[in-house]
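Below is one structure; the comments refer to it alone.
The values are calculated or read from the model by the stated rules, or taken from the named source; none is laboratory data. Note that the structure is a prediction, hence the values are computed from the model and not measured. Glycine also receives a Cβ, built like all others from the backbone with ideal geometry; neighbour counts cover every protein chain displayed.
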Amino acid sequence: MKHIVENESLNLSKWVNDNLEHYFSVSTIEEVDKKLSTARDKVSILEQKRAALVSEGFSETVEEALNVDYLATLRSNYKVRCDAGQAAEGDAGWIRSPRNLERLRALGKEPEVMLKELKGWYDADKKDND
């Protein structure tokens, strides 16, 4: 226990006193029930907030949010290239640019695979808009 306290830089006396104070601050069943009710209300509010974020399409982790952003950026840039009439032969060089390679690493995709997916996405998007 002493080793844990030293490694975590904990003030063991303060921790014990805080917990004892918290434990003894409630002296009746009614007070315990009130504290439980308050805690349940807080949990309910947090669960509602989480459900609202999920329903709005927010990512659950920062990594997922970045991956969605990286994919959107790649699609947007590819669309601009195609709409501007950039030659498909230049796609291999474009997808291997340092910024795009960073995005691909984050997405866990190989350049050729991602380029094929972007082409398929662009063709489908173009067909839907025609």
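Below are the figures for this structure:
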read-out: Condition met for residue 42 (more than 30 Å from residue 119 (Cα to Cα), among the charged types (D, E, K, R) and surrounded by 12 or more Cβ atoms within 10 Å (Cβ to Cβ)); value: no
read-out: From the options 109, 34, residue that is surrounded by 12 or more Cβ atoms within 10 Å (Cβ to Cβ), within 30 Å of residue 23 (Cα to Cα) and not small (Gly, Ala, Ser); value: 34
read-out: Residue match in segment 24-39 (condition: at pLDDT below 80, part of a loop (DSSP other than H, G, I, E, B), in the same structural domain as residue 120 (by TED's automatic domain parsing) and of a type in the set (Gly, Ala, Ser)); value: no
read-out: Candidates 16, 68, 62, 32, filtered to the one that is within 25 Å of residue 128 (Cβ to Cβ) and of a type in the set (A, V, I, L, M); value: 68
